[in-house]
Amino acid sequence: MGQTIAFCNNKGGVGKSSSCVAIGQAWARMGKKVLFVDLDSQANLTSIVSTLDPSQREVSIRDAFLNPDLFSIENVGENMDLVASDLSLSNFDRDTAAIAGREYLLLDLLKDVKANYDFILIDCPPALGLITYNALIAADHLVMVTTADQLSYQGLVMVANLFADVKSNERLNKTLKLTGVIVTRYEKNKVSELYLNKIKQELGQAVIEPVIRKATKMQQAVSLKQSIYDLDPSGKVTADYIEVARQLALRILQ
Ligand SMILES: Nc1ncnc2c1ncn2[C@@H]1O[C@H](COP(=O)(O)OP(=O)(O)OP(=O)(O)O)[C@@H](O)[C@H]1O
Ligand SMILES: [Mg+2]
């Protein structure tokens, strides 16, 4: 049965989507079957991994939430599939207001496909609302993504509180595990060292080593629609993500 992993932080721009993509691609290259699930109406994950023109896509995850018969999975490469998102997901709260148990919509959608994958990676929006609740209820593992600075750290604390809330409630997800904290875009200086230490003090063993170093290749990969493994096979950020993907898989499968 596939393991479902939610990549979260309340703070925007910390590397959630980039990490989700880089780790999923690393696993796919190791021969694992991967499903990406884009839960962000910005659809960054979708635009990074899919070559399909958005106007050609007939349905997105928002349609499937309203009508599960419309649940659609597209292939985006060897061992990699995608449940795509688009801007229509920004009305999720209003669109689903009349649906009872709307915290469980994603759990229900993924139930039937879980067995087809080794890993299902959910890219969360930079918010802790109903969509992120859906992710944490559907997930087996929470991976927090953060940069080493004050505002991302505050976001992390908020995710940690939500995690505790979801875990402590019998009807939500008692078996959710905090499986990893990934520190991204790391550049060694006094402030980043201070916050890296703070993160380690708060979250201890959950922090995955190595940290992901800052590298412009990450932005280049997105604009060239290439994976970092093809664009820069011997690059530092590529090496960091290969090791983090390996470590995370070990933790998930142990
Ligand atoms: N290791 C890195 N080094 C340099 N730039 C990076 C790195 N990782 C990500 N970036 C860049 O940082 C920006 C934000 O990354 P990303 O979109 O993954 O963050 P996010 O947390 O998903 O953002 P959002 O909250 O808006 O969804 C992007 O331009 C991305 O290319
Ligand atoms: Mg994102």
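Quick one: which of Asp38, Asp53, Asp93, Asp86 is within 15 Å of ligand 1 (Cβ to nearest atom) and surrounded by fewer than 23 Cβ atoms within 10 Å (Cβ to Cβ)?
Asp86
Those residues that are under 17 Å from Ala139 (Cα atoms) and either charged (D, E, K, R) or part of a helix (DSSP H, G or I) (or both), I need them from the stretch 166-193; list them, please.
Result: Val166, Lys167, Ser168, Glu170, Arg171, Lys174, Lys177.
Could you please find all residues in the stretch 208-254 being hydroxyl-bearing (Ser, Thr, Tyr), part of a helix (DSSP H, G or I) and surrounded by fewer than 17 Cβ atoms within 10 Å (Cβ to Cβ)?
Ser223
So which residues in the stretch 1-56 are among the small types (Gly, Ala, Ser), within 16 Å of ligand 2 (Cβ to nearest atom) and without any contact (Cβ under 8 Å) to a residue 60 or more places away in the chain?
Across the stretch 1-56, the qualifying residues are Ala43, Ser47, Ser50.
One line per residue, one yes/no per condition, for (1) of a type outside the set (S, T, N, Q); (2) more than 24 Å from Ala43 (Cβ to Cβ); (3) out of contact with any His (no Cβ under 8 Å at 6 or more places or on another chain):
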site	(1), (2), (3)
Gly180	yes, yes, no
Lys190	yes, yes, yes
Asn197	no, yes, yes
Pro210	yes, yes, yes
Ser223	no, no, yes
Ser227	no, no, yes
Leu253	yes, yes, yes
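Hey, can you tell me all the residues within the stretch 1-34 that are outside any helix (DSSP H, G or I), buried (at least 23 other Cβ atoms within 10 Å of the Cβ) and more than 10 Å from ligand 1 (Cβ to nearest atom)?
If the condition is that a residue be outside any helix (DSSP H, G or I), buried (at least 23 other Cβ atoms within 10 Å of the Cβ) and more than 10 Å from ligand 1 (Cβ to nearest atom), then Thr4, Ile5, Ala6, Val34 are the ones that fit.
Cβ-Cβ below 7 Å, separation at least six or inter-chain, first residue in the stretch 202-213 and over 9 Å from Val183 (Cα atoms), second of a type outside the set (Lys, Arg) and buried (at least 19 other Cβ atoms within 10 Å of the Cβ): which pairs?
Leu203/Val181; Ala206/Gly180; Ala206/Val181
Check Asn189, Asn169, Asn161, Asn173 and return the single one that is more than 17 Å from the chain's Cα centre (by Cα), buried (at least 20 other Cβ atoms within 10 Å of the Cβ), away from ligand 2 (no atom under 16 Å from the Cβ) and not β-branched (Val, Ile, Thr).
Asn173
Do you know which residues across the stretch 96-126 are part of a loop (DSSP other than H, G, I, E, B) and either within 16 Å of ligand 1 (Cβ to nearest atom) or over 23 Å from Ala28 (Cα atoms) (or both)?
Thr96, Ala97, Ala98, Ile99, Ala100, Gly101, Cys124, Pro125, Pro126
Just to check your reading of the model, which residue among Lys167, Lys177, Lys217, Lys190 is among the basic types (Lys, Arg) and closer than 16 Å to Gln247 by Cβ?
Lys177
Could you figure out which of (1) part of a loop (DSSP other than H, G, I, E, B); (2) open to solvent by less than 30 Å² (accessible area, probe 1.4 Å) isn't true of Leu196?
So Leu196 meets the others, but not (1).
The values are calculated or read from the model by the stated rules, or taken from the named source; none is laboratory data. Because the structure is predicted, anything quoted here is derived from the model rather than measured. Virtual Cβ from ideal backbone geometry, glycine too; neighbours counted across all protein chains shown. We work out accessible area using only protein heavy atoms, side chains counted, and drop any ligands, DNA or RNA first. Shrake-Rupley method; radii C 1.70, N 1.55, O 1.52, S 1.80 Å.
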